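The next block holds one structure in the form of structure tokens; read it before the comments.
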Amino acid sequence: MDGRYIFAERAGGPGVLEFRKRQIAPPRPNEVLVRVQASGVSGGDPLFRAGAVPVGPKPPFTPGFDVTGVVESVGPEVTGLRPGQPVTALVKGGGNTEYISLPADRLVMVPDGLRPTVVAATMLNYFIAHQMLHRVAGLKPGQRIVVHAAAGGVGIAVLQLARLAGIECFATSSGGKQETVTRLGAHHIDYRKEDFAKVIRAQASEGLDAALDPIGGTQFQRSYRLLRRGGILIGYGQSQVMKDGKVSKVRGAVGLLTGIVGPKLVPDGRSTTFYNAWSLEKSRPQAYREDMQEVLRLLKNGEIEPIIAATLPLADAAKAHEMLERASVVGKIVLLCDARS
């Protein structure tokens, strides 16, 4: 059996992404072969493709950090899963493909009635948002936070989950995305026209309980200064390596180090941390399955609703990367991967 996939042989722009074919091997004894129906394109994908991030997958590699599909076959040691069952998983690269073999314990069953494109648009972003709000920051109803890049995939997820939890949000984005942000219950701040720090200080003089910042660099420092004693600044993603639609390795490395290390030098009762989807795997291994199931429960119950910016054929992955680099996307881009559809 053959399958197609996206592959970046070398670092570079979207043009380095190739649509290739390969033979699909049977799963190992403890693995499951998944026929992927949909896979998201995240903001980090163009950065890893460009070789701009100091840690994580680097070319040559297949991008994609989530898969949603059905079980194609199972290894002889796998129990509890059978062909045809709908499943989803987060992966450390390799998701933009028609078939993928994964350890059985990475897969989470998808409830009946959920469309693969909707699940793919949900899992990574809402998993990250849920863990930052509840596992890392430990926020409670009535607390206040600032969310930067609020109209992006993770930002939208944070706003929806925060509203469910009774957390008040200040949200920065460009003016053209104001309607999306305010519809999700946040106080919108147009960072191009307003000083977000001044706006927040005027309305929350006692300080914020958390700041969620994918921008980094000097903005990381400004977000940190808005925190009250006991507040936490969570850096995530790598948006700071993007400038004018292009990727900068220097800004990526320096932005990460400056943003994270600097504030930790001041013992003032505030804290900083850098989060990614695998941050808690060693310290809280049970959190992956618990939080994936919680996100699916919220989705099934209609309590969260991802915004899908576009659905594209797997072969058009380069176009998806171009859209992300132009910063013209509100929500999540999903690639349609199923060879049978």
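The values are calculated or read from the model by the stated rules, or taken from the named source; none is laboratory data. Keep in mind it's a predicted model, so treat the numbers as computed, not measured. Here Cβ is always computed from backbone atoms with ideal geometry, including for glycine, and neighbour counts include all displayed protein chains.
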SER283 vs. criteria modelled with pLDDT under 95 and under 15 Å from the mean Cα position of the chain (by Cα): no
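Has the stretch 35-46 got at least one residue that is of a type in the set (D, E, K, R), over 18 Å from the mean Cα position of the chain (by Cα) and on the phi < 0 side of the Ramachandran plot? Step through it out loud before you land on a result.
The first filter runs over the stretch 35-46 and keeps only residues of a type in the set (D, E, K, R), leaving 35, 45.
Next cut, over 18 Å from the mean Cα position of the chain (by Cα) only: 35.
Of the ones still in play, those that are also on the phi < 0 side of the Ramachandran plot are 35.
Within the stretch 35-46 (the criterion being of a type in the set (D, E, K, R), over 18 Å from the mean Cα position of the chain (by Cα) and on the phi < 0 side of the Ramachandran plot), the answer is yes, since at least one residue qualifies.
Considering each of GLU72, GLU77 in turn, give the residue that is among the acidic types (Asp, Glu), part of a loop (DSSP other than H, G, I, E, B) and closer than 21 Å to ALA104 by Cβ. Reasoning before the result, please.
Details: GLU72 fails: part of a loop (DSSP other than H, G, I, E, B).
Result of the check over GLU72, GLU77: GLU77.
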Residue selected from the stretch 259-270 under the condition crowded, with 17+ Cβ neighbours inside 10 Å and either among the acidic types (Asp, Glu) or out of contact with any Ser or Thr (no Cβ under 7 Å at 6 or more places or on another chain) (or both), by the criterion modelled with the highest pLDDT: ARG270
Residue match in the stretch 173-182 (condition: at pLDDT below 95, under 18 Å from the mean Cα position of the chain (by Cα), surrounded by 23 or more Cβ atoms within 10 Å (Cβ to Cβ) and within 15 Å of ASP213 (Cα to Cα)): yes
Count of residues meeting criterion [in contact with a helix residue (DSSP H, G or I) (Cβ under 7 Å, 6 or more places away or on another chain) and touching a residue at least 60 places away in the same chain (Cβ under 8 Å)] in the stretch 1-41: 14
Members of the stretch 304-341 that are among the hydroxyl-bearing types (Ser, Thr, Tyr), in a loop (DSSP other than H, G, I, E, B) and under 15 Å from ALA120 (Cβ atoms): SER341
Number of positions in the stretch 159-209 that are part of a loop (DSSP other than H, G, I, E, B) and closer than 21 Å to GLY230 by Cα: 6
Which numbered condition VAL32 fails, given (1) in contact with a strand residue (DSSP E or B) (Cβ under 6 Å, 6 or more places away or on another chain); (2) surrounded by fewer than 18 Cβ atoms within 10 Å (Cβ to Cβ): (2)
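Kindly indicate which of GLY44, GLY51 is more than 18 Å from VAL334 (Cα to Cα), at pLDDT below 95 and not hydrophobic (A, V, I, L, M, F, W, C).
Details: GLY44 fails: more than 18 Å from VAL334 (Cα to Cα).
On inspection, the qualifying residue turns out to be GLY51.
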Hits in the stretch 300-311 (condition: touching a residue at least 40 places away in the same chain (Cβ under 8 Å) and over 16 Å from the mean Cα position of the chain (by Cα)): LYS300, GLU303, THR311
Any pair with Cβ under 6 angstrom, 6 or more apart, that starts in the stretch 103-132 at a residue that is closer than 28 Å to GLY166 by Cβ and ends at one that is among the aromatic types (Phe, Trp, Tyr) and surrounded by fewer than 23 Cβ atoms within 10 Å (Cβ to Cβ): MET132/TYR275
